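The values are calculated or read from the model by the stated rules, or taken from the named source; none is laboratory data. All of these numbers come straight from a predicted model, not from anything done at the bench. With ideal geometry, Cβ positions are generated from the backbone for all residues, glycine too; neighbour counts draw on all protein chains shown. Remember, those area values only see protein heavy atoms, side chains included, never the ligands or the DNA or RNA. Shrake-Rupley method; radii C 1.70, N 1.55, O 1.52, S 1.80 Å.
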Amino acid sequence: MNETLLPEPLISNDTVVFGLLALCLGFIFYTSSIKTGFWSKFYGIVPAVLMCYLLPGILASLGVIAEEWHTIDSLGQATKHESKLYFVSSRYLLPAALVLMTLSIDLKAIANLGSKALIMFLTGSVGIIVGGPIAILIVSIFSPETVGGNDFDAVWRGLSTIAGSWIGGGANQAAMFEIFRYTPEKYGAMVLVDIVVANIWMAIILLGVGKTKRLDNWLKADTSAIETLKIKVTEFAEKITRVPTLKDYMIMLSLAFTAVGIAHFFGGHISSFLTDSFESVRDKKSFLSFLGSNFFWMVVIATTAGIVMSFTPAKNYEGAGASKIGGMFIYILVATIGIKMDLGRVLENPGLIAIGFIWISIHAGLLILVAKLIRAPYFFLAVGSQANVGGAASAPVVAAEFHPSLASVGVLLAVLGYVVGTGGALLCAYLMEVASKV
């Protein structure tokens, strides 16, 4: 397989890189706590969570750190290396965060948020489905070779993997790669478009978080249900707040990581059982193929564990800072996502990047239009989009940035993304095939 050789970064040791990420996070949280002078003005414009994501991205762009790279031995053979930090964060810390951030979930209050959250999520999905073929049609006007290709080299086949990623997530992306069998040597370019465009869009969404009130006024949104949920959770937290002890911290870590272990154990067995037992799960073209994903079951079981514990006295550990520990894990995850963002590679394939930006712009435009029509709050627009484009790894991040009590909304919508991901991506792929032949 001929793939682009990626240079070795200045720092390739994951332990050292993790220390550097921790330094970045500490610097950001310290400077964002300063209420006067330059830093106060700076964070008034740029949200702290965006910096937690951008600083590692800048380091990756400068070649200091990297998610993957190659080394050449004395015989001229290339060996691929990759950082394990994102894997550990997404498989260990993310499910632990989901448990800790849903310990105090109020399902009734979330239900009272109404149908607008679901409408905005589905609007985001439709934006991805129609955005792909429209982007192909637009780019074909001035650069037909960019959207061309024959047989398994056809660009629409590669773009189908982006559709899978942007509607469902990694499992759906892999399913599209299996179904349409895009040329493996060219697949890396599609992964690059996915990462670059999705991460820049997430950065734009996070910039909007700091202007939520202004955006809600422009959308003429009714935010009363969201504010009620915030107040209810805050009042509960204040009522049970206590000075945490070592015992509290150890029990919270026990609850979180026991649930993580259970999620991985049963998630692996459930996905294997369903894959082995049902043709509809094995068939990558099936609507039910997402049920064969270990990651899907891990997220579902971890979230369910947190929800179940919210009906027990474990709910009171919110008063000892359960969601704050979960938030800490989420910020570590954000920093590891930032490593993927190598800005220096943006112009490697400008035609494909253009398709990606046009595609995400259609997704964004449709969300804004529907939000304006139904007067949906910016929160629903942001989380509805990220539940599609970012999935379980970033939807809770964006939701929690509005308020820690809202993280569970992002989780629930992200799980829904897995459900519609394969079917939506297949429809998008077939539409892109038609568009590429017009």
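Odds and ends about this structure:
- Selection status of S385, within 22 Å of R214 (Cβ to Cβ) and surrounded by fewer than 21 Cβ atoms within 10 Å (Cβ to Cβ): no
- As for the stretch 351-362, it holds at least one residue that is more than 18 Å from L412 (Cβ to Cβ), surrounded by fewer than 24 Cβ atoms within 10 Å (Cβ to Cβ) and among the hydroxyl-bearing types (S, T, Y).
- Matching residues in the stretch 218-230 - criterion: being more than 25 Å from the chain's Cα centre (by Cα), surrounded by fewer than 13 Cβ atoms within 10 Å (Cβ to Cβ) and in a helix (DSSP H, G or I): S224
- Single residue of the stretch 173-217 satisfying the filter (in a helix (DSSP H, G or I) and polar (S, T, N, Q)) that is farthest from A387 (Cα to Cα): N217
- Residue ID - modelled with the highest pLDDT, chosen from residues in the stretch 239-267 that are outside any helix (DSSP H, G or I) and surrounded by fewer than 16 Cβ atoms within 10 Å (Cβ to Cβ): T245
- Residue match in the stretch 416-436 (condition: of a type in the set (D, E, K, R), out of contact with any helix residue (DSSP H, G or I) (no Cβ under 7 Å at 6 or more places or on another chain) and either within 30 Å of L6 (Cβ to Cβ) or surrounded by fewer than 24 Cβ atoms within 10 Å (Cβ to Cβ) (or both)): no
- Among the numbered conditions (1) open to solvent by less than 10 Å² (accessible area, probe 1.4 Å); (2) on the phi > 0 side of the Ramachandran plot; (3) not polar (S, T, N, Q), the only one that L333 does not meet is (2).
- Looking only at the stretch 188-197, and only at residues there that are open to solvent by 10 Å² or more (accessible area, probe 1.4 Å) and within 16 Å of the chain's Cα centre (by Cα), the one that is modelled with the highest pLDDT: D194
- Qualifying residue in the stretch 174-187 (condition: crowded, with 22+ Cβ neighbours inside 10 Å and within 21 Å of the chain's Cα centre (by Cα)): yes
- The condition of being among the hydrophobic types (A, V, I, L, M, F, W, C), open to solvent by 20 Å² or more (accessible area, probe 1.4 Å) and more than 30 Å from S104 (Cβ to Cβ) does not hold for F236.
- Matching option when the condition is under 23 Å from M51 (Cβ atoms) and part of a helix (DSSP H, G or I), among M328, M298, M341: M328
- Residue in the stretch 14-25 that is open to solvent by 80 Å² or more (accessible area, probe 1.4 Å), at pLDDT below 90 and more than 21 Å from A393 (Cα to Cα) present: no
- Cβ separations smaller than 7 Å between residues 6+ apart or across chains give the following pairs from the stretch 234-253 residues that are under 17 Å from T312 (Cβ atoms) to residues that are open to solvent by less than 100 Å² (accessible area, probe 1.4 Å) and among the β-branched types (V, I, T): M252/I325.
- Restricting S143, S165 to residues that are among the hydroxyl-bearing types (S, T, Y), open to solvent by less than 30 Å² (accessible area, probe 1.4 Å) and farther than 30 Å from I110 by Cβ narrows the list to S143.
- Verdict on F152 being without any contact (Cβ under 8 Å) to a residue 60 or more places away in the chain and either in contact with a Phe, Trp or Tyr (Cβ under 7 Å, 6 or more places away or on another chain) or open to solvent by less than 20 Å² (accessible area, probe 1.4 Å) (or both): yes
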